[in-house]
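Asks: Dropping the structure in here first, questions after.
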Amino acid sequence: QLPDGKFMCSGGSGLFEGVPVEPIFRVHDDGALDTSFHVPDLDGWIESYGFLPQPGGKVLAYGRFHFADMVPWTCLVRLLPNGQLDPTFNNQQWFEVTYGFWSAMVQDVEPIGEGLLAVTGTFDRINGEDHGGIAMLDTAGNLLPGYFEGSGCGGYFSYPYNDYYQGILGIEPAQDGGYYIYGYYRGYDDGATNDPSQRLLSKLYGLNVGINEQPARSATLHIAPNPSHGGAVQLSVDEVPKRAILSIHDASGRVVLREEWPDGTFTHTLQAGLLAPGTYVVRVAVPLASRASASGTDTYTGKMIVLP
């Protein structure tokens, strides 16, 4: 259901209450067909896994679709309020399956903080790059580097029919700042560790850290001024991190802000005025592949107080 009460629908019959409709259509909150919504021509077999409302009345549609004049199949598009493709979104990411007889499908899209979309499903390549079942996009639909490193999830043959399965159905945040992934897979390669024992449900220790829970090598994140009255706050670390992620957690553990730490710098300026008054835990996670050494610091943490 959309914020305005309307419902996004999909199906293959071509009729709704006796009226011809496209495979993706919209109905009013009273069940009447919304005749102002029309998607471009879809040909062949399609499968829609879900819809995600977007600002301005737009909506993300994900699954498996074939539109005219596009890549052979597309798995994620953004539709305008009238149903047409949004030209400001990258609707032509090429999701591939290079194993078995499966077709690539996006099966879930999870907003992560501000400006990030975690995409999961049945695929092992995007635009020719290895992405086993999971990838990160920005809100314009562009593939982002530095997230979910490695080849991702592996697959397996089922018994007794010998069908091959490989995919991640979804991702959910954990209270400690990590994430759970779940799906039909065996093995997970995060770029630093290839663990064949991972299956069905795994925990990622950060969006760019991976499955390998190393012994904690934390250090103090220096914060000044602290407390602050909502102005600029200077954060500093002891080693220059690369591709690190800064996250801020409120008293309940909820992530209220997440952004990349600028590469090649010891310091970062945070606008504390973006936060409501309160006490926060600030965390900078450094991926294994980007540390100064294998025994280098993996996490910087500090407590920050924002006054009214």
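The values are calculated or read from the model by the stated rules, or taken from the named source; none is laboratory data. Just so it is clear, the structure is predicted and the values come from calculations on it, not from any experiment. All Cβ positions, even for glycine, are placed from backbone atoms using ideal geometry, and neighbour counts span all protein chains on display.
Asks: Please specify each residue of region 1-14 satisfying the condition of being assigned to a strand (DSSP E or B) and hydrophobic (A, V, I, L, M, F, W, C).
Replies: If the condition is that a residue be assigned to a strand (DSSP E or B) and hydrophobic (A, V, I, L, M, F, W, C), then 7, 8, 9 are the ones that fit.
Asks: Still on this structure, please answer the following. Do you know which residues across region 119-135 are under 18 Å from residue 190 (Cβ atoms) and either in a loop (DSSP other than H, G, I, E, B) or free of Cβ contacts under 8 Å to residues at least 60 places away in the same chain (or both)?
Replies: Once the filter is applied, which keeps residues that are under 18 Å from residue 190 (Cβ atoms) and either in a loop (DSSP other than H, G, I, E, B) or free of Cβ contacts under 8 Å to residues at least 60 places away in the same chain (or both), region 119-135 yields 119, 123, 124, 125, 126, 129, 130, 131, 132, 133, 134, 135.
Asks: Let me ask something else about it. If you take the residues in region 48-81 that are modelled with pLDDT of 90 or more, in a loop (DSSP other than H, G, I, E, B) and touching a Gly at 6+ places or on another chain (Cβ under 9 Å), which one is nearest to residue 140 (Cα to Cα)?
Replies: My answer is 80.
Asks: Turning to a different aspect of this structure: So how many residues does region 179-190 have that are within 13 Å of the chain's Cα centre (by Cα) and either surrounded by 16 or more Cβ atoms within 10 Å (Cβ to Cβ) or without any contact (Cβ under 8 Å) to a residue 12 or more places away in the chain (or both)?
Replies: Residues flagged as within 13 Å of the chain's Cα centre (by Cα) and either surrounded by 16 or more Cβ atoms within 10 Å (Cβ to Cβ) or without any contact (Cβ under 8 Å) to a residue 12 or more places away in the chain (or both) within region 179-190 amount to 2.
Asks: Please state which of the following conditions residue 224 fails to meet, knowing it meets all the rest: (1) modelled with pLDDT under 85; (2) within 30 Å of residue 270 (Cβ to Cβ).
Replies: Here residue 224 clears every test but (1).
Asks: Looking for something assigned by TED's automatic domain parsing to the domain that holds residue 114, at pLDDT 80 or above and loosely packed, with under 12 Cβ neighbours inside 10 Å - is there at least one such residue anywhere in region 191-199?
Replies: yes
Asks: Okay, next question. In this structure, is residue 136 within 16 Å of residue 90 (Cα to Cα) and crowded, with 16+ Cβ neighbours inside 10 Å?
Replies: It is true that residue 136 is within 16 Å of residue 90 (Cα to Cα) and crowded, with 16+ Cβ neighbours inside 10 Å.
Asks: Condition (residue is part of a strand (DSSP E or B), at pLDDT 90 or above, among the aromatic types (Phe, Trp, Tyr) and assigned by TED's automatic domain parsing to the domain that holds residue 173) applied to region 15-37: is it met by at least one residue?
Replies: There is no residue in region 15-37 that is part of a strand (DSSP E or B), at pLDDT 90 or above, among the aromatic types (Phe, Trp, Tyr) and assigned by TED's automatic domain parsing to the domain that holds residue 173.
Asks: Kindly indicate which of 265, 301 is modelled with pLDDT of 85 or more, within 15 Å of residue 221 (Cβ to Cβ) and assigned to a loop (DSSP other than H, G, I, E, B).
Replies: It is 265.
Asks: Restricting to region 95-116, name every residue that is at pLDDT 85 or above and either surrounded by fewer than 17 Cβ atoms within 10 Å (Cβ to Cβ) or within 14 Å of residue 54 (Cα to Cα) (or both).
Replies: Correct list: 109, 110, 111, 116.
Asks: Next question. From 119, 77, which residue is buried (at least 21 other Cβ atoms within 10 Å of the Cβ), under 24 Å from residue 260 (Cβ atoms) and not assigned by TED's automatic domain parsing to the domain that holds residue 258?
Replies: After applying the criteria, what remains is 119.
Asks: Report yes if some residue within region 211-218 is over 17 Å from residue 241 (Cα atoms) and at pLDDT 70 or above; otherwise report no.
Replies: Within region 211-218 (the criterion being over 17 Å from residue 241 (Cα atoms) and at pLDDT 70 or above), the answer is no, since none of the residues qualifies.
Asks: Then there is this: Name the residues in region 229-251 that are modelled with pLDDT of 90 or more and touching a helix residue (DSSP H, G or I) at 6+ places or on another chain (Cβ under 6 Å), would you?
Replies: 233
Asks: Quickly run through region 156-176 and pick out the residues that are surrounded by 21 or more Cβ atoms within 10 Å (Cβ to Cβ) and in a loop (DSSP other than H, G, I, E, B).
Replies: 166
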